[in-house]
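This is the structure I want to talk about, given as structure tokens.
The values are calculated or read from the model by the stated rules, or taken from the named source; none is laboratory data. Small disclaimer: the values here were computed from a predicted structure and weren't measured. Positions of Cβ are generated from backbone atoms using ideal geometry, with glycine treated the same way; all protein chains shown enter the neighbour counts. Accessible surface is based on the protein model in full, side chains and every heavy atom, while ligands, DNA and RNA are left aside. Shrake-Rupley method; radii C 1.70, N 1.55, O 1.52, S 1.80 Å.
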Amino acid sequence: MRRRILKALVREGILTEQQVEEALGEEQATGVSFDRILRDRGWVTEERLLTVIHRKTLWPYERDLSKKECPEGFTEAVPLAVARKHMLVAIGQDEEGSYLIATNEPFNHFSTDEIASMLEAEVRPVLAGRGEITAMLNRVYMGKEGEGGLGFDLDELDDDIITVDEGDDAVENLLDDQDKGPIIRLVNKIIFDGYRMRSSDIHFQPLEEKLVVRFRIDGLLYTKEEIPKEAQNAVLTRLKVMSKMDIAERRLPQDGRSSCRIGENEIDIRYNSVPTAYGERIVLRLLDKTTKTYSLEKIGLAKEDYRRINRLLGYQHGIILVTGPTGSGKTTTLYAGLSKINDSSINVITLEDPIEYHLSGISQIQVAVKKGLTFAKGLRALMRQDPDVMMVGEIRDEETARVAIQAALTGHLVFSTLHTNDAPSSVTRLLDIGIEPYLVASSVIAVIAQRLVRVICDGCKSEYEPTDEELSEIGLQREQLSDGLIYLGMGCERCIDTGYIGRTAIYEILTINEPVREKVIARAGASVIKEVALKHGLKTLRMDGARKVIEGHSTIEEVLRVTQLDM
């Protein structure tokens, strides 16, 4: 069984044959199970390993244990300390009375045997992530309804779901220490819940009578907790301590950061505080360092658009711009493109602020404005690093734009981003910041505008017949629909009654062909450039959104929401 799993990991390019032999040798010498060895060495993520084990053994894989109930017999027979030591919890029993035991180390037979002997019953493994198991242990052993709408008793909460790096020497386990105060445990539980619910941001917003905690999930904000006003200062001070902000400064905005481990996953947290009438408002941006980078095939591109971008990536020089508002997935698209062309035969360097995902085989540089390393200065330095491909996180000013254009004109392929509403507006933006039209026309080869639309939840997806008015709003004809029907989500527990879960991108790809180039040189406006591009095959954001509606990925309402300015 071990060999089959390891061979599958080798076939998928995750492990080498040498690593397999090292893991098996260490398992035999130390008695530590091979799956734990692979994770401890950082050779494979927990998610990927459990997925392969599930595929090869057909053991169930539960990615969410929040709705599972633990049999009373388990908590009565197995002390919390033992359950934590082995990281095991029962999530049910089968018809024969065997316990279904959630584990992230299914080949650690010593642990399962000890639990089986304590239960005096057979046990069957169910695969689950460490973070999910830990959260369930907290819930079934110590979860109690508390005061103030928190949903638990702070004085009883104790867990090891999060470790936070608060110093340079060691990572302190905050929630496993009985001496830690309730505020510390509360803050860490909020961060853990935010991570579990796929939040990109967590907002701590002071109001007149309470501190409201809101999660941004799939682009929209949802209220999660309401913390009593008397605990507000303690919670905000804790956040400032974690992020190494000045806790005495409450009148000026501040930025900070910290690193956490949640289960097997590492996340970076970026903090920002601003003073408001009712206290400091703090927003946390969660960046999962273990998140797998999307491939170009899986970011929502239509077949025609995929072929077009694939062709653009083959160019030896020029600028490819990705544009859209903050949080529209621009960085993900850039990373997908870089991953596609990343090869040992070319030199790829990026200049980012911040580095959101780490790409294997690519040199990534963090901008540090306070130390004098700006995009423009860093880009000049990169020119002396013999690059073939460069990515500049954002073109913010004329100086950065000029250096990027110089790089493109001297034989480099340059990727970057701009903040504009559509693709033609990016061209005119470069003219507005002072770049000459002939330089823009000769260096920019394509502009990709994008937005993120929420995806209909598979758990509550239903057909319905739209009205003619709804179809006309998005530019669709009834004949384009299969059986005249489209889809929407009715709302269920899995999608928090929103009808959506996850997001995908819609695109507008403007290639700078000769007719467009002539308009750029003539300093034509964005609307004129767009009109010319439409005559030569440009598909707007709303057109691509309509395709997503036809294919059943999203809804008319969602596409209209994110393409309000795409007239």
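Counting each DSSP H run of 4 or more residues in the chain as -39500 (n - 2.57), what helix-only mean residue ellipticity at 222 nm follows after dividing by all residues, to the nearest 500 deg cm²/dmol?
Helices in the chain give a 222 nm mean residue ellipticity of -10500 deg cm²/dmol.
Sticking with this one: Helix 330-341: angle to the longest alpha-carbon principal axis of the chain, degrees 0 to 90, nearest 10?
Result, in degrees: 90.
On to the next question. Using a 7 Å offset from the Cα along the Cα-to-Cβ direction at both Arg494 and Lys244, what is the distance between the two label points in nm, to one decimal?
4.2
Accessible area per residue of segment 361-506 at 1.4 Å probe, in Å²?
Per residue, segment 361-506 has an accessible area of 46 Å².
Could you give P(r) for segment 411-472, binned at 10 Å from zero, as whole percent values over all Cα-Cα pairs?
Going from the shortest bin to the longest, the percentages are 15, 33, 18, 18, 14, 2.
While we're on this one: For Lys85, Lys7, what's the largest-to-smallest order of accessible area, 1.4 Å probe?
Ranking Lys85, Lys7 by accessible area, largest first, yields Lys85, Lys7.
Quick check: the angle from helix 398-409's long axis to the longest principal axis of the chain, C-alpha only, nearest 10 degrees?
Computed tilt is about 80 degrees.
Another one. Net charge near Asp201, counting Lys/Arg +1 and Asp/Glu -1 over other residues with Cβ under 10 Å of its Cβ?
Value of the local net charge: +4.
Further question: May I ask you to give the percent of accessible area on segment 184-276 that is carbon plus sulfur, with a probe radius of 1.4 Å?
The computed percentage sits at 49.
Leu220 to Arg561: extension gain in nm, 0.36 nm per residue of separation minus the Cα-Cα distance?
Stretched out fully, the Leu220 to Arg561 stretch lengthens by 121.6 nm.
Using amide H atoms built in the peptide plane, which far-off residues or other-chain residues are under 5 Å from Val322 H to H?
Ser416, Thr417, Leu418, Ile448
Along each principal axis of its Cα atoms, how long is the chain end to end? Whole angstroms, biggest number first, please.
82, 59, 58
Report the relative contact order of segment 215-355, percent, no decimals, based on alpha-carbon pairs under 8 angstrom and at least 6 residues apart.
This gives 13 percent for segment 215-355.
Let me ask something else. Just read off the accessible area of Arg380 with the full protein assembly in place, 1.4 Å probe, to the nearest 10 Å².
Using a 1.4 Å probe on the heavy atoms, I get roughly 110 Å².
On a straight-distance basis, which lysines could pair with Lys229 in a cross-link, Cα separation under 25 angstrom, same-chain partners fewer than 8 positions away excluded?
Lys144, Lys180, Lys189, Lys210, Lys240, Lys244
Additional query: Quick check: net charge around Ser482, other residues with Cβ under 15 Å of its Cβ, Lys/Arg +1 and Asp/Glu -1?
My count for the surroundings of Ser482 gives -1.
Something else about it: Ignoring ligands, DNA and RNA, please state the percent of accessible area on segment 346-409 from carbon and sulfur, probe 1.4 Å.
That fraction is 47 percent.
Per the Debye formula with a single identical scatterer at each Cα and no solvent contribution, what log10 I(q)/I(0) holds for segment 17-150 at q = 0.09 Å⁻¹?
Listed by q, the Debye log ratios stand at -0.29.
While we're here: May I ask you to order 102-113, 271-282 by the average number of other C-beta atoms within 10 Å around their residues, highest value first?
Put in order of decreasing packing, that is 102-113, 271-282.
Can you list residues whose amide H is under 5 Å from Met391's amide H, if they're 5+ apart or on another chain and H is modeled 1.01 Å from N?
So Met391 has HN proximity to Ile349, Thr350, Leu351, Phe415.
To continue, here is another question. Evaluate the distance, in nm, between pseudo-label points positioned 7 Å from the Cα of Ala522 and of Asp458 along their respective Cα→Cβ axes.
Distance between the two pseudo-spin positions: 5.0 nm.
Test of the criteria: in segment 327-423, which chymotrypsin sites (Phe, Trp or Tyr not before Pro) are in a DSSP loop and have at most 11 other Cβ atoms within 10 angstrom of their Cβ?
Taking segment 327-423 and a limit of 11 other Cβ atoms within 10 Å, no loop chymotrypsin sites (Phe, Trp or Tyr not before Pro) are found.
Might you tell me the accessible area per residue for segment 253-346, computed with a 1.4 Å probe and given in Å²?
For segment 253-346, the per-residue accessible area is 47 Å².
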